[in-house]
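Engineer: Attaching a single structure in structure tokens format; questions to follow.
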Amino acid sequence: MKTTFGQKSLRATKHDRAIGPTGQPIVTLFPVQGFLGTGAPFAADFNLIMQLILGAALIAGVFFAKQKRFRAHGICQTTVLLVNLLMIGLVMWPSFHQQLRPTLPKVFHRLYYAAATIHALAGMMAEAIGLYIVIVAGTNLLPQWLCFTHWKRWMRAEAVLWSIVLVSGVGTYYVWYVAPFA
């Protein structure tokens, strides 16, 4: 059985462990082979579906805010933020660390690396701003001078940034797993 992980070839063993290009086993929490038929591993396919679901949940959260259901809005958006943080830790960071970080300064000019790096930088910014908004809105941990008062501006800016990150994530998935096999 053969599958691919980015542009690096992996072999799957009987026990669903991935063997990298150097022959070393790669620790994975998920099965090796994906389910969307794109050449992506399971973790990437699962993450793509989860991010689309989280995007839909963010839109639902916006509707809660428009209906002045601010508690439901806060619970929805905070849940999305925390689930996304989990997905970053389980799927995105290990992938970035394994495939991009060692080669970044030398190969940023290639779309494969540039798309993922731009997505990662925008994603870190969106996650950090989202955590800041949750801390300001839901706690009294920060001093007053670090808290914002223009809620709509911050929320709209975060929604736009998150949309950009979602689109760039789908683009990264395409560049990594669909385009090489098209």
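Engineer: Of everything in the range 132-150 that's more than 17 Å from THR78 (Cβ to Cβ) and in a helix (DSSP H, G or I), which residue is least open to solvent (accessible area, probe 1.4 Å)?
Structural biologist: Step by step, filter the range 132-150, then rank; the result is LEU146.
Engineer: Let me ask another. Quick check: anything in the range 56-73 closer than 18 Å to THR172 by Cα and either part of a helix (DSSP H, G or I) or more than 19 Å from the chain's Cα centre (by Cα) (or both)? Spell out the reasoning first.
Structural biologist: Filtering the range 56-73 for residues closer than 18 Å to THR172 by Cα gives none.
Looking through the range 56-73, none of the residues is closer than 18 Å to THR172 by Cα and either part of a helix (DSSP H, G or I) or more than 19 Å from the chain's Cα centre (by Cα) (or both).
Engineer: Can you name every residue in the range 64-87 that is surrounded by fewer than 13 Cβ atoms within 10 Å (Cβ to Cβ) and either of a type in the set (Ser, Thr, Tyr) or more than 19 Å from VAL136 (Cβ to Cβ) (or both)?
Structural biologist: Scanning the range 64-87 gives LYS66, GLN67, LYS68, LEU86.
Engineer: Pairs only if they're at least six apart or on different chains, beta carbon under 8 angstrom, first in the range 156-182 and of a type in the set (Asp, Glu), second open to solvent by less than 30 Å² (accessible area, probe 1.4 Å); list them, first residue then second.
Structural biologist: Pairs that qualify, where the first residue is of a type in the set (Asp, Glu) and the partner is open to solvent by less than 30 Å² (accessible area, probe 1.4 Å), are GLU158/ALA126; GLU158/GLY130; GLU158/ILE133.
Engineer: Moving on. Here is a list: ALA128, ALA159, ALA179. Which entry is under 17 Å from LEU54 (Cα atoms), open to solvent by 30 Å² or more (accessible area, probe 1.4 Å) and out of contact with any helix residue (DSSP H, G or I) (no Cβ under 8 Å at 6 or more places or on another chain)? Walk me through it before giving the result.
Structural biologist: Working: ALA159 fails: out of contact with any helix residue (DSSP H, G or I) (no Cβ under 8 Å at 6 or more places or on another chain); ALA179 fails: under 17 Å from LEU54 (Cα atoms).
After applying the criteria, what remains is ALA128.
Engineer: Only one of GLY138, GLY123, GLY169 is modelled with pLDDT under 90 and under 20 Å from VAL62 (Cβ atoms). Can you tell me which?
Structural biologist: Sole residue among the options that is modelled with pLDDT under 90 and under 20 Å from VAL62 (Cβ atoms): GLY138.
Engineer: For a quick check of your reading of the model, give me the residue pairs whose first member lies in the range 88-105 and is exposed (fewer than 13 other Cβ atoms within 10 Å of the Cβ), whose second is assigned to a helix (DSSP H, G or I) and not charged (D, E, K, R), with beta-carbon atoms closer than 7 Å and at least 6 apart or on different chains.
Structural biologist: THR103/TYR113
Engineer: Another one. Within the range 77-95, is there a residue that is at pLDDT below 90 and either over 12 Å from the mean Cα position of the chain (by Cα) or at positive phi (or both)?
Structural biologist: no
Engineer: Hey, another quick one. Just checking, does the range 27-35 include any residue being farther than 17 Å from GLY171 by Cβ, at pLDDT 85 or above and part of a loop (DSSP other than H, G, I, E, B)?
Structural biologist: To start, the set of residues in the range 27-35 that are farther than 17 Å from GLY171 by Cβ comprises 27-35.
Remaining after also requiring at pLDDT 85 or above: 34-35.
Among the residues that remain, those that are also part of a loop (DSSP other than H, G, I, E, B) are: 34-35.
Looking through the range 27-35, at least one residue is farther than 17 Å from GLY171 by Cβ, at pLDDT 85 or above and part of a loop (DSSP other than H, G, I, E, B).
Engineer: Are there any pairs, at least 6 apart or on different chains, whose C-beta atoms fall under 9 Å, with the first in the range 47-72 and touching a residue at least 24 places away in the same chain (Cβ under 8 Å) and the second open to solvent by 40 Å² or more (accessible area, probe 1.4 Å) and outside any helix (DSSP H, G or I), and if so, which?
Structural biologist: Correct list of pairs: LEU48/LEU36.
The values are calculated or read from the model by the stated rules, or taken from the named source; none is laboratory data. All of these numbers come straight from a predicted model, not from anything done at the bench. Please note: Cβ atoms are built from the backbone with ideal geometry, for glycine as well, and neighbour counts cover all protein chains shown. Areas reflect the complete protein model, heavy atoms only, side chains present, ligands, DNA and RNA absent. Shrake-Rupley method; radii C 1.70, N 1.55, O 1.52, S 1.80 Å.
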